[in-house]
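Student: My questions all concern the structure below.
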Amino acid sequence: MKVTVTGATGTLGRDLAGALLERGDSVTVLSREPRRAQSTLGGVRALEWKEPKAAEPPLEALEAQDAVVHLLGEPVAQRWSEGAKEEIRDSRVLSTRNLVNALARTERRPQTLVSQSATGWYGPRGDEPVDESAPAAGDFLAQVVSDWEAEASEAGELGMRVVLTRTGVVLSESGGALEKMLPFFKLGVGGPVAGGRQYVPWIHADDVVGALLFCLDSPDASGPVNLTAPEPVTNGELSKALGRVLGRPAVAPVPALAVKALYGEMSSIVTTGARVVPRRLEELGYHFRRPELEAALRSATGKE
């Protein structure tokens, strides 16, 4: 398969590009710094997309390809100033719009677009299990995800199969939420946040890559697909499991006010949660590589 990947130098992008190369696919990556991408990723074809928010990617990256995986997006885990919120939104919405506009101009168009999305679509949901049929919430992140998915869905009007991978909290030592939690837990001062009763829709990085490959390969995969583990857990359960894995106590409660003081409005994604379940992945027959939390944490922290 000939696959073009955006965001390939990010944590998940690197893993996905490596997995595609390992199984013998031909990989093209779009990057602001193609030489660095080439050096980092090895056997890929790297082409420049210098301003994803302002310009379309080069058509040569898309012509005669079988599929595109779009992973671009400014990190959400930062303090949300007005400027940061604008960048979080525009890096997703405008880059996707420009990508789809370029796809519309291709003569030999890819058949499939797998576009990264997020469980932020659902907003705070308490204990209610939610699947892909749930409507979007009304908060900032949900609106970003809604606009993001709307742009990607326009590729469906071009006759492409579009998959919107709503990814949860990724367990990986090299990025994301776990990387930020580890220093506190290793010092023995980690613990449940804001009471710990909010659900965390976690997923191991291996299953993000596995599910992306599965969505590429499965002709029945389309529309929103939740990329989360089969058994979401509460923040308290996650904290206890991480403490066991690291051999450290995990009983120091972190008050919601402290998190808000540190992160401002962004703290809402830590102090609230959603019990997101991967209904479509399971219906389609995906077999999770790391479905159990403690084993997934051991893998992600190198404690296997």
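Student: Any residue at all in the stretch 91-112 that is closer than 24 Å to ASP207 by Cα and in a strand (DSSP E or B)? Explain how you work it out, then say what you get.
Tutor: So the first thing to find is which residues in the stretch 91-112 are closer than 24 Å to ASP207 by Cα, and the list is 92, 96, 111-112.
Right, trim to in a strand (DSSP E or B) and you get 112.
Yes: one or more hits.
Student: List the number of the failed condition for LEU293; all other conditions in (1) at pLDDT below 95; (2) surrounded by 17 or more Cβ atoms within 10 Å (Cβ to Cβ) hold.
Tutor: Just one mismatch for LEU293, condition (1).
Student: Considering only the stretch 66-75, how many residues are surrounded by fewer than 19 Cβ atoms within 10 Å (Cβ to Cβ) and either at pLDDT below 95 or farther than 25 Å from ASP220 by Cα (or both)?
Tutor: If we filter the stretch 66-75 for residues that are surrounded by fewer than 19 Cβ atoms within 10 Å (Cβ to Cβ), which is where we start, we get 66, 74-75.
Going one step further and asking which of them are either at pLDDT below 95 or farther than 25 Å from ASP220 by Cα (or both), we end up with 74-75.
Adding up the residues that qualify gives 2.
Student: Read through the list (1) surrounded by 20 or more Cβ atoms within 10 Å (Cβ to Cβ); (2) at pLDDT 90 or above; (3) over 21 Å from the mean Cα position of the chain (by Cα), then give the number of the only condition that TYR286 fails.
Tutor: It is condition (3) that TYR286 fails.
Student: Only one residue in PRO201, PRO224, PRO183, PRO219 is in contact (Cβ under 8 Å) with a residue 60 or more places away in the chain and surrounded by fewer than 24 Cβ atoms within 10 Å (Cβ to Cβ), so which one is that?
Tutor: Numbers: PRO201 fails: surrounded by fewer than 24 Cβ atoms within 10 Å (Cβ to Cβ); PRO183 fails: in contact (Cβ under 8 Å) with a residue 60 or more places away in the chain; PRO219 fails: in contact (Cβ under 8 Å) with a residue 60 or more places away in the chain.
After ruling out the rest, the residue left standing is PRO224.
Student: Among the residues of the stretch 76-86, which ones are buried (at least 16 other Cβ atoms within 10 Å of the Cβ) and either within 17 Å of the chain's Cα centre (by Cα) or not in a loop (DSSP other than H, G, I, E, B) (or both)?
Tutor: Narrowing the stretch 76-86 to residues buried (at least 16 other Cβ atoms within 10 Å of the Cβ): 76, 80, 84-85.
Scanning the stretch 76-86 gives VAL76, ALA84, LYS85.
Student: Of all strands (runs of 3 or more DSSP E) completely enclosed by the stretch 11-75, which ones contain at least 3 residues that are more than 27 Å from LEU178 (Cα to Cα)? Break it down into steps so the answer makes sense when it comes.
Tutor: Values: elements: 26-31, 45-48, 67-70.
Fully inside the stretch 11-75 and qualifying: 26-31, 45-48.
Student: List the residue pairs whose Cβ atoms are under 7 Å apart, where the first residue sits in the stretch 103-132 and is under 20 Å from PRO75 (Cβ atoms), the second is crowded, with 23+ Cβ neighbours inside 10 Å and of a type in the set (Lys, Arg), and the two are 6 or more positions apart or on different chains.
Tutor: These pairs meet every condition: SER117/ARG166; ALA118/ARG166; THR119/ARG166; TRP121/ARG166.
Student: Okay, next question. Give the residue that is modelled with the lowest pLDDT, with candidates limited to residues of the stretch 179-217 that are small (Gly, Ala, Ser) and over 19 Å from the mean Cα position of the chain (by Cα).
Tutor: Residues of the stretch 179-217 small (Gly, Ala, Ser): 188, 190-191, 194-196, 205, 210-211.
Narrowing the set further to residues that are over 19 Å from the mean Cα position of the chain (by Cα) leaves 188, 190-191, 194-196.
Numbers: GLY188: 79, GLY190: 82, GLY191: 87, ALA194: 86, GLY195: 90, GLY196: 92.
Among those residues, the one meeting the criterion is GLY188.
Student: Kindly evaluate VAL225 against the criterion of being of a type in the set (Val, Ile, Thr), within 21 Å of the chain's Cα centre (by Cα) and under 13 Å from ILE203 (Cβ atoms).
Tutor: Numbers: of a type in the set (Val, Ile, Thr): yes; within 21 Å of the chain's Cα centre (by Cα): yes; under 13 Å from ILE203 (Cβ atoms): yes.
In short, yes.
Student: I would also like to ask the following. Residues that are on the phi > 0 side of the Ramachandran plot: list the helices (runs of 4 or more DSSP H) wholly contained in the stretch 117-220 that include at least 1 such residues. Give the derivation first.
Tutor: Details: elements: 140-153, 176-186, 205-217.
The qualifying helices (runs of 4 or more DSSP H) are 176-186.
The values are calculated or read from the model by the stated rules, or taken from the named source; none is laboratory data. Just so it is clear, the model here is predicted, and its values are computed rather than measured. Counting neighbours? That spans all protein chains shown, and the Cβs are built from the backbone with ideal geometry, glycine included.
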